[in-house]
Amino acid sequence: MARLGLLFLWQTGLLEGRALGLRQDIIATALAGLVLLVPGLLAAQTRVEPDGPDGPLRLRLDAFLPTTRIRAEIDGQTSDVGLVWVGRDLVVTLPDGVPGGEHVLVLYRRAAEGDTELGRWRFATASGGADVSLTGSLEAGWATGPAGDETRLNGSGRLGFTAGGGRWQGSLGFLQSRDPETRASSTEVTDWYLEHHGRLAGRDLILRLGTQELPAETLLNDQGQRRGLSFRLAGVEGRDDVMVFAVQPDTGSGQANLAGLSDQDDLVRGVAGHVFPFAGSSQRLDITAFSGRADLGSLRLRPGDVQGWGLRLSGPLAIGPSDYEIGYAETSTRRDGAALRQGTALSAEMTFGLLPEGDDTSLSLTFEGARVDRAFQSPLNPGLLSDVQGGGAVLRYTSSVWQWQLSGHRLRDNLDDRPRIPTEEYRDLGFDLFYQPDDFTGGWQNGMTFYASLTQDEQVRRHTPDGAASAQDFRLHSLSFGADKVQPDYGWSLAYTQDRLDDLTGRPDETRHRLEGLFAYTPDDSTTLTLAAELGQVKTPQNRYHSQRVEMAYGFDLVPDLWSMLVEAGALRHEDPEQEDGAYFGLELGRKLTPDTSLLLRADWGRGAEALELAPGKGWVFALTLRRDFAIGGP
């Protein structure tokens with residue numbers, strides 16, 4: 001799952017800066033289909049309920065990591081939570097003083113080159129804290145360069161409140177940013193809600209206006225945030241949770257349609273929820289149903305009527321430490337002036353534990369499969385691919401120090417074999433290995449992780465109709481290995497990657513090599529030294545190009561708690577004539593006015609690929625910025 005998750009991030013552009021770079025227009029299109037093969041990506045869990053009032057959270061992670069390698073943030077702030085593995089679940093004990101209301105928990109895997117996000121979960125508490133809280137940061141300043149002057153205003157924050165003993169709660173997140181092209185500043189409301197808590201028939205009754213998250217995991221809906229209105233009835237132990245909703249299908253952000261109810265052509269009404277129907281059992285039923293109006297079609301040309309329903313069954317199997325997930329959904333859509341379209345989607349996942357339960361070591365075999373009709377279309381799950389079918393298997397082993405995974409998947413499109421549509425087939429094989437010895441050694445291996453990965457991805461055209469675009473068949477082999485070490489005052493990482501693209505249509509093949517290293521030294525809270533370097537090579541039958549990149553940053557106090565300085569520099573060199581060289585240098589002098597307020601004077605020089613917006617091509621940019629961090633109320 002982890003590797004297909006990376007393919008998903010690449011396909012959606014989230015790893016654009018780290019993508020393989022091997023004809024991304026070809027590969028990204030092909031690998032997009034592999035996302036379907038992982039039901040966990042179709043409906044990733046993002047909301048959890050504490051075990052009792054202010055109790056711990058029970059999370060399911062795909063990867064097993066020592067708890068010392070996991071960092072937690074609550075509402076954007078690093079938090080000292082308790083972490084304990086119980087079987088395949090990670091139990092998170094919340095710290096004292098978390099205010100009442102909705103919160104976001106983010107877990108990260110610690111690494112020298114930068115922490116990697118493991119997942120996000122939303123939860124609600126009803127204890128302690130201040131009635132009103134305001135947190136965030138704001139930067140206001142002025143910059144000048146050869147291309148002119150500009151004022152800058154950037155920042156983000158969150159305003160929250162609780163009243164009436166937790167019966168009334170609200171939150172508003174905002175982001176102040178600057179458009180890189182027009183350089184105009186804008187304020188965006190990222191999410192907001194106002195809700196009232198009451199009781200009905202021994203359950204929590206919640207009326208909520210604003211940002212919504214459906215309490216169900218089905219093929220009909222993803223876990224994105226949408227604006228609207230909801231009534232929610234939830235059991236105090238989290239074994240049942242039902243919501244009646246009216247939401248805007250498009251993921252809401254910005255200042256337009258804040259309530260999500262003003263556009264009748266972009267509004268669906270329905271019900272969603274989950275229930276554990278058997279007392280003392282972990283068998284779970286999720287269901288979603290809706291009807292309304294939404295933008296339909298790949299080009300979102302015009303609105304239409306839409307309705308659908310879906311369910312998911314999940315839970316443990318009776319044969320040892322094993323579990324299953326089965327999902328099914330149907331939709332009916334009719335664009336204005338067009339015929340009715342009806343489609344179905346089906347997914348299944350079975351995991352069989354091959355070792356006795358209760359052992360720290362686990363070995364499991366997972367079978368995955370999914371099929372989505374061409375006519376299936378849900379505005380609450382727009383990222384789900386249609387007209388595809390596939391399956392695969394994953395063999396996974398975890399222990400306190402070792403983790404490895406062997407996986408294979410296959411997918412094809414054009415399920416109806418329409419003669420005028422090309423038919424593509426995608427195949428994926430992979431092996432991932434991790435060794436984390438810091439659980440048992442205090443020697444040189446303490447805090448280290450060793451890893452290796454070997455993968456093969458393939459796209460093959462099975463049918464090409466007359467007039468269709470030419471095939472883009474390829475076979476991509478990827479090899480990577482490396483190590484990293486994280487200690488309280490320093491960390492480092494070293495990694496090698498090789499990607500070989502075999503073009504199966506007769507075009508030139510291509511091979512890329514990349515060697516990356518990073519070192520970070522943080523002896524105290526005010527001193528940080530970071531060094532990074534990268535060597536690369538691109539090889540084709542006609543040419544061979546090398547590239548080098550070096551970067552450094554050194555931040556330190558000139559006068560403790562008063563004056564600080566940051567020095568940054570870097571250079572990029574390419575032998576490829578189509579790539580531009582570049583270099584940059586930055587110097588920042590900071591004066592702390594109060595514990596939360598700083599005045600920053602900065603000078604930046606850039607050239608070529610690293611040139612700045614106010615100094616295109618080459619030149620200096622000078623800026624003066626006032627930075628304010630604010631934290632009013634809260635824990």
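Going by what's in this entry, would residue 425 be described as open to solvent by less than 40 Å² (accessible area, probe 1.4 Å), touching a Gly at 6+ places or on another chain (Cβ under 8 Å), under 26 Å from residue 462 (Cα atoms) and touching a residue at least 24 places away in the same chain (Cβ under 8 Å)?
So residue 425 does not fit the description; no.
Would you please name the residue that is farthest from residue 449 (Cα to Cα), looking only at residues in the stretch 480-491 that are open to solvent by 30 Å² or more (accessible area, probe 1.4 Å) and at pLDDT below 95?
The residue in question is 489.
I'm trying to understand the selection: among the residues of the stretch 582-601, which are assigned to a strand (DSSP E or B) and either touching a residue at least 40 places away in the same chain (Cβ under 8 Å) or closer than 17 Å to residue 140 by Cβ (or both)?
Matches in the stretch 582-601: 588, 590, 591, 592, 593, 594, 597, 598, 599, 600, 601.
When only residues in the stretch 177-202 that are crowded, with 19+ Cβ neighbours inside 10 Å and under 26 Å from residue 140 (Cβ atoms) count, which is modelled with the highest pLDDT?
My answer is 192.
Given the conditions (1) farther than 30 Å from residue 95 by Cα; (2) within 33 Å of the chain's Cα centre (by Cα); (3) crowded, with 16+ Cβ neighbours inside 10 Å, and given that residue 633 satisfies all but one, which numbered condition is not satisfied?
(1)
Which residues, taken from the stretch 340-382, are among the polar types (S, T, N, Q) and modelled with pLDDT of 90 or more?
Across the stretch 340-382, the qualifying residues are 342, 344, 347, 351, 364, 366, 377, 378, 381.
For the stretch 205-223: of the residues being among the polar types (S, T, N, Q) and within 24 Å of residue 314 (Cα to Cα), which is surrounded by the fewest Cβ atoms within 10 Å (Cβ to Cβ)?
223
Okay, residues lined up against (1) at pLDDT 90 or above; (2) among the hydroxyl-bearing types (Ser, Thr, Tyr); (3) in contact with a Pro (Cβ under 9 Å, 6 or more places away or on another chain):
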| site | (1), (2), (3) |
| --- | --- |
| 248 | yes, no, no |
| 256 | no, no, no |
| 274 | yes, no, yes |
| 280 | no, no, no |
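What is the one condition in (1) of a type outside the set (Lys, Arg); (2) touching a Gly at 6+ places or on another chain (Cβ under 7 Å); (3) open to solvent by 60 Å² or more (accessible area, probe 1.4 Å) that residue 614 does not satisfy?
Unmet condition: (3).
What number goes with the only condition from (1) closer than 29 Å to residue 462 by Cα; (2) crowded, with 18+ Cβ neighbours inside 10 Å; (3) out of contact with any helix residue (DSSP H, G or I) (no Cβ under 6 Å at 6 or more places or on another chain) that residue 379 does not pass?
(1)
Only one of these conditions is not met by residue 397: (1) under 28 Å from residue 436 (Cα atoms); (2) modelled with pLDDT under 95; (3) surrounded by fewer than 16 Cβ atoms within 10 Å (Cβ to Cβ). Which number is it?
Condition not satisfied by residue 397: (3).
What single numbered condition from (1) surrounded by 15 or more Cβ atoms within 10 Å (Cβ to Cβ); (2) of a type in the set (A, V, I, L, M, F, W, C); (3) in contact with a Ser or Thr (Cβ under 8 Å, 6 or more places away or on another chain) fails to hold for residue 294?
(3)
Can you tell me which residue is modelled with the lowest pLDDT among those in the stretch 428-443 that are farther than 19 Å from residue 398 by Cβ and open to solvent by 30 Å² or more (accessible area, probe 1.4 Å)?
Checking each candidate, the answer is 442.
Looking only at the stretch 224-269, filter to residues that are touching a Phe, Trp or Tyr at 6+ places or on another chain (Cβ under 7 Å) and of a type in the set (Lys, Arg); which one of those is least open to solvent (accessible area, probe 1.4 Å)?
239
Taking the stretch 584-599, which residues are open to solvent by less than 60 Å² (accessible area, probe 1.4 Å) and in contact with an Asp or Glu (Cβ under 6 Å, 6 or more places away or on another chain)?
Residues satisfying the conditions are 584, 586.
I'm told residue 556 meets every condition in (1) open to solvent by less than 70 Å² (accessible area, probe 1.4 Å); (2) farther than 23 Å from residue 152 by Cα; (3) within 31 Å of the chain's Cα centre (by Cα) except one. Can you identify the failing condition by its number?
Tallying (1) open to solvent by less than 70 Å² (accessible area, probe 1.4 Å); (2) farther than 23 Å from residue 152 by Cα; (3) within 31 Å of the chain's Cα centre (by Cα), residue 556 fails exactly one: (3).
The values are calculated or read from the model by the stated rules, or taken from the named source; none is laboratory data. It should be emphasised that the depicted structure is a prediction, and the values quoted were computed from it without experimental measurement. Note that we place each Cβ from the backbone using ideal geometry, even for glycine, and neighbour counts take in every protein chain shown. Just so you know, the surface numbers come from the protein's heavy atoms only, side chains and all, with ligands and any DNA or RNA stripped out. Shrake-Rupley method; radii C 1.70, N 1.55, O 1.52, S 1.80 Å.
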